Amino acid sequence: MIVNKEGFDRMRSIKNRKTSLGLIILVYYLVTSIGALLLGFVQPALGVPEVVIQLTQFGPALGVLSILLLWPRERQQMINLDFRYWPLKPRKLISLAVLIAGTFAAAWLWYAVTGHSVAYTSPASLSHPFWIIVVAQFIGAAGEEVGWRCFLQPTLQSRIGTFPASIVVGIVWGVWHIGVFAEGWVYASLFILFAVALSVILGELLSDARGGRLLLATSCHALFNLGLLLWFNEEDGSRLAMGTLATACAIAAVIVMAIRRGKRAGTSAVHLQTKSAR
C-alpha cells in the first residue's frame, strides 16, 4: 500500500492530535456519576453501614482511574494530578482548622441567636465505634477529593483561573449529590451554595500548593462531614441547618478570598518596588 506525503502528514496529525479537554471532563463526570450510582446499589448487598462510610464517595476515584486508562499518553500534559502529601506548609493546615472551627462557631451562634437548638449527637450513641467512623470518613473523603480537588480543580484552574474553576467544580460537585434534590429545590439550592463556598475555600488554599493537596482537601472534607454528623441534622432535610451552614461557609469563603487577594496584592507591590529600586 502506497501512502503519499499528504496522506502520511494527515495520519501523523491525527495521531498527534490532543484529546479535547471537554471530552476528558465529560468522560470523568459520566464515569464518576455512574460509578457512584452502582456503588450505591452495591452497598446494601455488602452490608456496609452508611453511617460509617458511603461507597458512593469512591465514584470520583473511578472517574480518575478511567481517565488514566483511556488517555495514558496525555495524562502528564492534560491531567494535572497531584497526589503528593509533602511538602505541606503547616500554616495551611492551621488556616484550615481555624476556618472549619469558625464556620461551625458561626452556625452555632446563629442557632443560639434565633432560639434554635443544635441537634447534637453524642459519639457514644452512634451505632459503631467513633474511631472507626473517623478513619472511614477520611478514607471516603480521599476517594472523592482524588477526583474533585486533585484532578478537576487543577485541570480547570490551569485554563480558566482559580476562582472560576472553584465555582464550576463546586456546582458540578453539588449537583453530583443527586440525593439532595429529593428534599426539594430550596434545600438542593442551599446545598449547592454550601458546596460552591467550600470549593472556593479549597480552591484558594490549594491554588499555590506544592504538596499536600490531597491531605488538605481530604482533611477539610472529612472534618466537615464529621461536624455535620455530630452537630446538625441537615440530612433530615432541615432547611434551617443547610441554610445556616451554607451561609456560614459562604462568609468564610469571602473572608478567605479577601485575605488571599490582599496577600497577592502586597506581594505584587513588593516585587514592583524591588524592580524599580534596581
Positions within segment 165-191 being surrounded by 23 or more Cβ atoms within 10 Å (Cβ to Cβ) and without any contact (Cβ under 8 Å) to a residue 24 or more places away in the chain, in sequence order: 180
Test result for residue 244, crowded, with 23+ Cβ neighbours inside 10 Å and in contact with an Asp or Glu (Cβ under 7 Å, 6 or more places away or on another chain): no
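Residues are listed down the side, and each one gets a yes or a no for (1) under 17 Å from residue 22 (Cα atoms); (2) in contact with a helix residue (DSSP H, G or I) (Cβ under 9 Å, 6 or more places away or on another chain):
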site: 113; (1), (2): no, no
site: 130; (1), (2): no, yes
site: 138; (1), (2): no, yes
site: 154; (1), (2): yes, yes
site: 169; (1), (2): yes, yes
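If you take the residues of segment 192-233 that are part of a helix (DSSP H, G or I) and small (Gly, Ala, Ser), which of them is nearest to residue 104 (Cα to Cα)?
Among those residues, the one meeting the criterion is 227.
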Unique match (being surrounded by fewer than 20 Cβ atoms within 10 Å (Cβ to Cβ) and either of a type in the set (S, T, N, Q) or part of a loop (DSSP other than H, G, I, E, B) (or both)) among 97, 119, 106, 101: 119
From 146, 134, residue being open to solvent by 30 Å² or more (accessible area, probe 1.4 Å), under 22 Å from residue 219 (Cβ atoms), in contact with a helix residue (DSSP H, G or I) (Cβ under 7 Å, 6 or more places away or on another chain) and of a type outside the set (Asp, Glu): 134
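The values are calculated or read from the model by the stated rules, or taken from the named source; none is laboratory data. Since we're looking at a predicted model, the values are computed, not measured. Reconstructed Cβ throughout: ideal geometry from the backbone, glycine too, with neighbour counts over all protein chains shown. Just the protein is used for accessible areas: all its heavy atoms, side chains included, with ligands, DNA and RNA removed. Shrake-Rupley method; radii C 1.70, N 1.55, O 1.52, S 1.80 Å.
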